[in-house]
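Every number in this text was worked out from the coordinates using simple rules, so none of it is lab data. No experiment lies behind these values; they were computed from the predicted model shown. Because the Cβ atoms are built from the backbone with ideal geometry, glycine has one as well, and the counts that use them run over all protein chains shown.
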Amino acid sequence: MVVDEVRTDGGGIVLTARSVTREAVCPDCGAVSGRVHGGYRRRLADLSAAGRQVVIDLLVRRFLCPAAECGRRTFVEQVDGLTERFARRTPLLRRSLENIALALAGRPGARLATHLSIPTSANSLLRLIRRLPNK
Ligand SMILES: [Zn+2]
């Protein structure tokens, strides 16, 4: 990943970044593709820095799956340690909020998260707990 720009935006910090790997793996069939078919920007909330909220404005690319027998024509790359399918948070932020949720649950957890500049709602914290695998 390359960071192109770091700027402040309101009270927060925005990192503009892009992935620079040449290939990506199809999530359905496992085929490796180097054929880029467009891309789009994803905004991912990350852990705070220097008391400010951090957003990563990440350019991700769509690749063509090369396998003729694969039902998926295109797929969007996932960036290790940064993106998860459909997620608007980085895995690091998600795990931090999960730990806050497990320790404090809804409203107290939301207050602590806001204090740490990773604001979220009590309901969001409870949803994170419900999505955790049972151990
Ligand atoms: Zn495929």
The percentage of Cα-Cα pairs in the chain separated by more than 24 Å is 41 percent
Run through region 1-108 and list the chymotrypsin sites (Phe, Trp or Tyr not before Pro) located in a DSSP loop whose Cβ has at most 16 other Cβ atoms within 10 Å. F86
Hey, could you grab the Kirkwood Rh for region 89-135? Inverse mean 1/r over distinct alpha carbon pairs, Å, one decimal. 10.2 Å
Between the DSSP loop rule and a limit of at most 16 other Cβ atoms within 10 Å, which GluC sites (Glu not before Pro) in region 53-129 are left? E69, E84
Quick one: compute the contact order of the chain, relative version, from alpha carbon pairs under 8 angstrom and 6+ residues apart, as a percent. 18 percent
Which of the trypsin sites (Lys or Arg not before Pro) found in region 7-97 are loop residues per DSSP with 14 or fewer other Cβ atoms within 10 Å of their Cβ? R22, R35, R72, R73, R85, R88
